[in-house]
Amino acid sequence: MNITGRKERAARKLLARIRKKYKKKTGEFISVDEFCEFTSLKKESVTEFLNN
């Protein structure tokens with residue numbers, strides 16, 4: 001399961017778009033802050049999801 005509710009392929013495309021925005025190479029990690037800024041999700045919600 002993922003926090004966006006998207007299927008795996010769509011979630012991978014989302015990560016690729018985030019990497020492109022932050023000028024990261026394929027395979028580089030994105031931070032929680034970058035993910036939250038891009039998706040407009042609250043950091044508290046994301047960290048809670050990751051900790052469960």
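Against the definition (under 12 Å from the mean Cα position of the chain (by Cα) and modelled with pLDDT of 95 or more), how does Lys43 come out, yes or no? Can you show your working first?
Working: under 12 Å from the mean Cα position of the chain (by Cα): yes; modelled with pLDDT of 95 or more: yes.
Considered against the rule, which asks whether it is under 12 Å from the mean Cα position of the chain (by Cα) and modelled with pLDDT of 95 or more, Lys43 comes out as yes.
So which residues in the stretch 1-39 are among the acidic types (Asp, Glu) and over 24 Å from Asn51 (Cβ atoms), if there are any at all?
So in the stretch 1-39, the residues among the acidic types (Asp, Glu) come out as 8, 28, 33-34, 37.
None - no residue of the stretch 1-39 is among the acidic types (Asp, Glu) and over 24 Å from Asn51 (Cβ atoms), so the list stays empty.
For the structure I just gave you, tell me whether Arg17 is modelled with pLDDT under 95 and out of contact with any strand residue (DSSP E or B) (no Cβ under 6 Å at 6 or more places or on another chain). Walk me through how you get there before you give the answer.
Details: modelled with pLDDT under 95: no; out of contact with any strand residue (DSSP E or B) (no Cβ under 6 Å at 6 or more places or on another chain): yes.
Taking the combined requirement at face value, the residue does not satisfy it.
Within the stretch 18-52, which residues are touching a helix residue (DSSP H, G or I) at 6+ places or on another chain (Cβ under 8 Å), loosely packed, with under 11 Cβ neighbours inside 10 Å and part of a helix (DSSP H, G or I)?
Asp33, Leu50
Determine, yes or no, whether Leu14 is part of a helix (DSSP H, G or I), among the hydrophobic types (A, V, I, L, M, F, W, C) and surrounded by fewer than 12 Cβ atoms within 10 Å (Cβ to Cβ).
On the way: part of a helix (DSSP H, G or I): yes; among the hydrophobic types (A, V, I, L, M, F, W, C): yes; surrounded by fewer than 12 Cβ atoms within 10 Å (Cβ to Cβ): no.
Criteria not met by Leu14.
The values are calculated or read from the model by the stated rules, or taken from the named source; none is laboratory data. Since the structure is predicted, the reported quantities are computational estimates derived from the model, not experimental observations. Using ideal geometry, Cβ is built from the backbone for each residue, glycine included, and neighbour counts are taken over all protein chains shown.
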